[in-house]
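Beneath this line is the structure, given in structure tokens, with notes to follow.
The values are calculated or read from the model by the stated rules, or taken from the named source; none is laboratory data. What you see is a predicted model; the values in this text were computed from it and never measured. As a convention, Cβ positions derive from the backbone with ideal geometry for all residues, glycine included, and neighbour counts pool all protein chains shown. In case anyone asks, the SASA skips ligands and DNA or RNA and just uses the protein heavy atoms, side chains included. Shrake-Rupley method; radii C 1.70, N 1.55, O 1.52, S 1.80 Å.
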Amino acid sequence: MSAPAPSDQPLRLGIAGLGTVGIGVVKIVHRHADLLAARAGRPVVITAVSARDRTKNRDADLSNFAWESDPVALATREDVDVFVEVMGGHEGAAKDATEAALRAGKDVVTANKALLAHHGQALAELAENLNRAIRFEAAVAGGIPVIKVLTEGLAGNGMRRVMGVMNGTCNYILTRMEEAGLPYDTVFEEARQLGYLEADPNLDVGGIDAGHKLAILAAIAFGTQVSFDNVVLEGIGRISIDDIRRAGDMGYKIKLLGVAQMTGRGLEQRMTPCLVPASSPLGQLTGGTNMVVLEGDAVGQIVLRGAGAGEGPTASAVMGDVMDLARGLRLSTFGQPAAKLVKATPAVAPNPAPYYLRLQLADKPGALAKVATILGESGVSISRLRQYGHADTSAPVLIVTHKTTRDAIDHAIAALPATRVVEGEPVAIRIEEL
């Protein structure tokens, strides 16, 4: 896309959404007006804003801005050059206003991961056909500049794998369970009371929020159209404190981990609980922090770590995009022209990997041998095994397998009840090799 030269004319922002992120952007523009002008080569100003409730106290001076109750009206104002969409939601006002802004000749900066995950291809085509830009650093991993790293810093690499912990709430819950020895339900309620969960908690704990982010990263990394519908999702609701403790005994941590890689069978995209080595960067990640790991054929592995949400980090990412536009930097939405992005064939099954199995084994002669026989007949071989002391009539048994497929694991689990030595439902969690 063409790059107009910076001028003394200010870059004028219209901000739709005055929640945490929108107010964070207002504060940065107020606090760093001179610094922004010096770095961009032109002033950056806010001319108009939009939000549902004009009377709400937002701890920021909004008196100098024009106010629009309708974000579409804001998006089409003549005194707005860049439409900053931080409302959220993948349908309705956010989508309508974004499309209106592009058609009115505005560039768009958004923090809306859901919008891009569901409509990214159509919006990218619309923007590029109109010679407009859509920037969305704030949509993925908050303050971590992973979009810029992928589209610019690693542009000379063929990407092998993208993975990471991309939802700070889930990482907080899993970390808190481990450190305090508390069950999932207790920590979930604690997170709710602290305001860490979305209004619909399943967006967080169900892996949907993080899945949106993974789909966006995969599109950039592998030159494909965004395909959120093909992301395999599994949340953290079934992870127990016993799983966390037992995995720790075997040298692992449990994380809600996103992984995307192009395989011979197609594009693999999954956001699921995985075990990672406790000594790895991902294993050492605690609290609400995010981490993204990028693997390129030339650069090798790069680890990016930082705040994945919050007023300051997310507003920082928004302003990074604004500053690029102020400087005249214009890139294709997903790193290459939208018309050249291909529809990826989704991988039918993930690559083989080791698995962690937790079984409650009855205190009966030959019980372990029966389990080993079922695993062997299913094509699953045992790498490591640990058996704990008996509690009443049964005891937990942990197994780490050699590399195998999920189908083989599922076949073995389905056959185990016939042995009459396994109590309850076995737990199987993939181990991701780093």
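Descriptive notes on the structure:
- Evaluation of R161 against (1) over 15 Å from the mean Cα position of the chain (by Cα); (2) in contact (Cβ under 8 Å) with a residue 24 or more places away in the chain; (3) within 23 Å of K340 (Cβ to Cβ); (4) not in a loop (DSSP other than H, G, I, E, B) (one fails), failing number: (1)
- Where K364 falls short, out of the listed (1) more than 26 Å from the chain's Cα centre (by Cα); (2) outside any loop (DSSP other than H, G, I, E, B); (3) in contact (Cβ under 8 Å) with a residue 40 or more places away in the chain; (4) more than 30 Å from T224 (Cβ to Cβ): (2)
- Test set (1) buried (at least 21 other Cβ atoms within 10 Å of the Cβ); (2) on the phi > 0 side of the Ramachandran plot - G195 fails condition number: (1)
- Taking residues in the stretch 213-232 that are under 11 Å from I147 (Cβ atoms), and partners anywhere that are open to solvent by less than 20 Å² (accessible area, probe 1.4 Å) and part of a strand (DSSP E or B), the pairs with Cβ atoms closer than 6 Å and at least 6 places apart or on different chains are L217/V162; A221/V162.
- The one condition from (1) open to solvent by less than 20 Å² (accessible area, probe 1.4 Å); (2) farther than 22 Å from R327 by Cβ that E179 does not meet is (1).
- From K113, K95, K148, residue being closer than 30 Å to I431 by Cβ and open to solvent by 20 Å² or more (accessible area, probe 1.4 Å): K113
- Qualifying residue in the stretch 340-362 (condition: of a type in the set (G, A, S), in contact with a Lys or Arg (Cβ under 9 Å, 6 or more places away or on another chain), loosely packed, with under 15 Cβ neighbours inside 10 Å and under 30 Å from A260 (Cβ atoms)): yes
- Search result, residues across the stretch 289-331 that are at pLDDT 95 or above, over 21 Å from the mean Cα position of the chain (by Cα) and either in a strand (DSSP E or B) or over 14 Å from L36 (Cα atoms) (or both): D297, A298, V299, G300
- Which listed residue, of D204, D185, is assigned to a helix (DSSP H, G or I), out of contact with any Pro (no Cβ under 6 Å at 6 or more places or on another chain), open to solvent by 20 Å² or more (accessible area, probe 1.4 Å) and not basic (K, R): D185
- Pair list, Cβ < 6 Å and 6+ apart or interchain, from the stretch 398-415 residues that are closer than 11 Å to I382 by Cβ and of a type in the set (S, T, Y) to residues that are at pLDDT 95 or above and part of a helix (DSSP H, G or I): none
- Residues in the stretch 283-328 that are charged (D, E, K, R) and open to solvent by less than 20 Å² (accessible area, probe 1.4 Å): D321, D324.
- All positions within the stretch 369-387 that are closer than 24 Å to Y252 by Cα and touching a residue at least 40 places away in the same chain (Cβ under 8 Å): V371, R384, R386
- For the stretch 83-91, the criterion of being surrounded by fewer than 24 Cβ atoms within 10 Å (Cβ to Cβ), under 27 Å from the mean Cα position of the chain (by Cα) and in contact (Cβ under 8 Å) with a residue 60 or more places away in the chain is met by at least one residue.
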